[in-house]
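Okay, structure first, notes after.
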Amino acid sequence: MQKSKIKAAILGCGNISEAHARAIQVNSNKVELYAVCDIVEEKVVKLVEKYSAVKYYTDYKEMLADDNIELVSICTPSGMHSEMAVDCAKAGKHVLCEKPLDVTREKLDNMVQAFSNRELKFGTVFPYRTYPGLLTAKHILDSGELGRVYMGDGYCKVYRSAEYYKSAGWRGTWELDGGGCLMNQGIHTLDVLCWLMGGVSSAEAKTFTIARDIEVEDTAFAFLKFRNGSYGVFQGTTLSYPGTGVKVEIQCEKGKIVFTDPNTYLYKTDDNGKEIEICLDSIDDGNVEKGNTANDPSAIAITGHSWLMSDIVDAIIEDREPFVSVIEGRHAVDVILAIYESSRTGKEIKV
């Protein structure tokens with residue numbers, strides 16, 4: 001029996017750190033915010049005061065030397081995740097890591113290796129996977145209820161201004177952001193598509209930088225082949241003004257699944273041959289907090305983060321794999337890297 005609460009630390013005090021701090025608050029029966037860390041002391045102090053952390057650090061390696069800390073939420077720029085996660089593993093800390101896990105295959109491999117054959121747990125933050133309707137949709141698709149899966153498409157059309165990219169030096173860079181509309185914004189939607197379809201086997205794509213003064217893409221188009229033998233497309237952009245949000249559509253032999261954040265719908269025919277629409281979730285009844293990041297990246301709901309925080313803590317206590325493991329979490333990144341390679345080479349790239 002767990003005798004005391006898991007002591008957690010937040011590494012990186014940027015915008016997303018608030019979601020992790022609030023998720024810890026929601027799960028205060030089994031986890032507490034023990035420490036926070038950022039190289040900018042002003043950010044650290046602000047988070048400490050708001051969420052009553054016990055300690056704070058400006059050097060994460062010094063923080064990892066604190067034996068009281070059991071779990072670390074990694075909320076730093078994407079290109080720093082792997083190095084920090086590997087250091088967490090060396091220090092004997094469990095990890096809950098923001099998306100994307102990192103931005104190169106070598107770094108992803110390092111993370112996987114660091115947490116393989118260990119008792120340490122590693123969870124990935126993909127909040128959409130926790131939505132009730134999408135969980136039901138995944139079960140329906142895996143059960144074969146809708147017959148053969150023909151195709152799966154995904155769209156992430158959001159807006160990020162030029163000022164957004166200027167707000168932090170790492171945004172829009174290959175080194176630390178790892179990409180643009182796909183790696184930073186579209187990865188959540190792409191992950192849903194990959195998850196529901198059972199994974200991508202290859203990609204052909206073109207990416208463009210149309211309007212933003214950044215190193216990476218602001219618009220992308222991809223043709224995907226899935227492991228189940230079906231096909232699909234993915235489109236992402238940060239130039240949609242105003243942002244129209246995200247959509248995933250799975251066409252099957254006996255119906256289709258449509259996800260438009262925050263709701264998931266099943267379309268099929270009933271026993272009398274009548275076409276019906278069924279909402280698969282209970283988001284409209286107020287049980288799940290809504291967020292709309294199509295135009296404002298800070299307008300994030302924390303329901304998914306709270307669910308995943310609870311899951312990683314339970315995984316530690318119960319000694320099991322987290323809901324979205326490091327292996328599961330890396331697939332969407334591998335697909336995006338294949339898309340980038342295809343755009344550069346003009347070739348179909350295997351994932």
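The values are calculated or read from the model by the stated rules, or taken from the named source; none is laboratory data. From a predicted model like this one, the values you see are computed outputs, not experimental measurements. Every residue, glycine among them, receives a Cβ derived from its backbone with ideal geometry; neighbour counts consider all protein chains shown. With ligands, DNA and RNA removed, areas are computed over all heavy atoms of the protein, side chains included. Shrake-Rupley method; radii C 1.70, N 1.55, O 1.52, S 1.80 Å.
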Cross-link list LYS61/LYS93; LYS247/LYS274; LYS225/LYS347; LYS7/LYS121; LYS43/LYS107: which exceed 21 angstrom alpha carbon to alpha carbon?
-> LYS247/LYS274; LYS43/LYS107
Calculated SAXS-style log₁₀ I(q)/I(0) at q = 0.23, 0.24 Å⁻¹ - the range 1-104, Debye, Cα scatterers = -1.29, -1.40
Which of HIS331, MET80, GLY147, positive extreme of dipole for the chain (C-beta unit charges) | GLY147
Enter the accessible area of PHE226 (Å², nearest 10), with the probe set to 1.4 Å and all protein chains included.
-> 10
Expressed as a whole percentage, what fraction of the accessible surface of the range 143-284 belongs to carbon and sulfur atoms when a 1.4 Å probe is rolled over the protein heavy atoms?
-> 48
Estimated FRET transfer efficiency (LEU135, GLU106; beta-carbon r; R0 35 Å; 0.05) | 0.60
Taking H as built 1.01 Å from N, whose amide H comes closer than 5 Å to the amide H of VAL72, not counting residues under 5 places away?
-> ALA9, HIS94, VAL95, LEU96
Only Lys, Arg, Asp and Glu count, each charged at its Cβ (+1, +1, -1, -1), so figure out the dipole size of the chain about its Cα centre, rounded to 20 debye.
-> 280
Accessible surface of LYS43 in the full protein assembly, 1.4 angstrom probe, to the nearest 10 Å²?
-> 100
Compute the label zone of VAL233 within the range 117-154: residues whose backbone N is under 20 Å from the point 7 Å along Cα-to-Cβ.
-> 149-154
Using a 10 angstrom cutoff on alpha carbons, build the Gaussian network for the chain and name the most mobile of LYS206, LYS274, LYS121.
-> LYS274
Electrostatic dipole magnitude of the range 1-90 [Cβ: Lys, Arg +1; Asp, Glu -1; Cα centre; debye, to 20] | 420
Average accessible area per residue (Å²) across the chain - probe 1.4 Å, nucleic acids and ligands excluded | 45
Nearest-5 percent of antiparallel DSSP beta bridges in the chain?
-> 60
Output row, site VAL26, 7 Å Cα→C-beta label point, backbone N cut-off 17 Å, window the range 315-351, residues 315, 323-324
GLY199's amide H: which non-local residues (gap 5+, or another chain) put their own amide H closer than 5 Å, with H modeled 1.01 Å from N in plane and none for Pro or chain starts?
-> ARG227
Under the helix-only model (-39500 (n - 2.57) for each DSSP H run of 4 or more, divided by the residues of the chain), the mean residue ellipticity at 222 nm, to 500 deg cm²/dmol, is -9500 deg cm²/dmol
Cα centroids of the range 144-162 and the range 218-260: how far apart, whole angstrom?
-> 2
Using 1/(1 + (r/R0)^6) with R0 = 22 angstrom and r between the beta carbons of GLU215 and LYS347, what's the FRET efficiency to the nearest 0.05?
-> 0.50
Once the dipole of the range 12-65 is set up from charges on Cβ (+1 Lys and Arg, -1 Asp and Glu), the residue from the list TYR51, SER17, SER28 lying farthest towards its positive end is SER28
Karplus-derived HN-Hα couplings along the range 33-40 (A = 6.51, B = -1.76, C = 1.60, θ = phi - 60°), whole Hz, x at Gly and Pro = 7, 8, 8, 9, 8, 7, 6, 9
Packing-ranked peptide list from 236-243, 103-110, highest mean Cβ count within 10 angstrom first, is 236-243, 103-110
